[in-house]
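The block underneath contains the structure these notes are about, expressed in structure tokens.
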């Protein structure tokens, strides 16, 4: 679990020092993933609307893996995006929800140093 430190915004996770995440943003990301709510945020000067799927540390960087469904991007929309959490600005949880995890076309999953939270499975009727 991410622990807030007073040493210049750093945290230690499993022996790896990473940039600490703003506590309010951390709680918002966790809640949005747990409750399957879309997020609206600015990243690299573009507004994005996305389904947050995985949140954790990858290669020492706190990151969010999301499925972008709206806003602007240099890549195709909809599509998968890696977001460095320290670059997220003006993040808000929207009232709109999504079904849950998505199948990865390649079947490959990414390696994480630590996963804080991952979206749950889609509900089937």
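The values are calculated or read from the model by the stated rules, or taken from the named source; none is laboratory data. Values in this document were obtained by computation on a predicted structure and should not be read as measured data. Please note: Cβ atoms are built from the backbone with ideal geometry, for glycine as well, and neighbour counts cover all protein chains shown.
Residue by residue, here is whether (1) in a helix (DSSP H, G or I); (2) in contact with a strand residue (DSSP E or B) (Cβ under 8 Å, 6 or more places away or on another chain); (3) modelled with pLDDT under 95; (4) surrounded by 13 or more Cβ atoms within 10 Å (Cβ to Cβ) holds:
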| position | (1), (2), (3), (4) |
| --- | --- |
| 32 | yes, yes, no, yes |
| 70 | no, yes, no, yes |
| 80 | no, yes, yes, yes |
| 93 | no, yes, no, yes |
| 106 | no, no, yes, no |
| 109 | no, no, yes, no |
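Does at least one position in segment 46-57 carry a residue that is part of a helix (DSSP H, G or I) and at pLDDT 95 or above? First the steps, then the outcome.
Start the filter on segment 46-57 by keeping residues that are part of a helix (DSSP H, G or I), which leaves none.
Scanning segment 46-57 turns up no residue that is part of a helix (DSSP H, G or I) and at pLDDT 95 or above.
On the stretch given as segment 34-68, residues that are loosely packed, with under 15 Cβ neighbours inside 10 Å and within 19 Å of residue 101 (Cβ to Cβ) total 2.
Against the list (1) loosely packed, with under 15 Cβ neighbours inside 10 Å; (2) in contact with a strand residue (DSSP E or B) (Cβ under 8 Å, 6 or more places away or on another chain), the condition residue 23 fails is (2). Exactly one residue out of 17, 21 is touching a helix residue (DSSP H, G or I) at 6+ places or on another chain (Cβ under 8 Å) and either at pLDDT below 55 or in a loop (DSSP other than H, G, I, E, B) (or both): that is 21.
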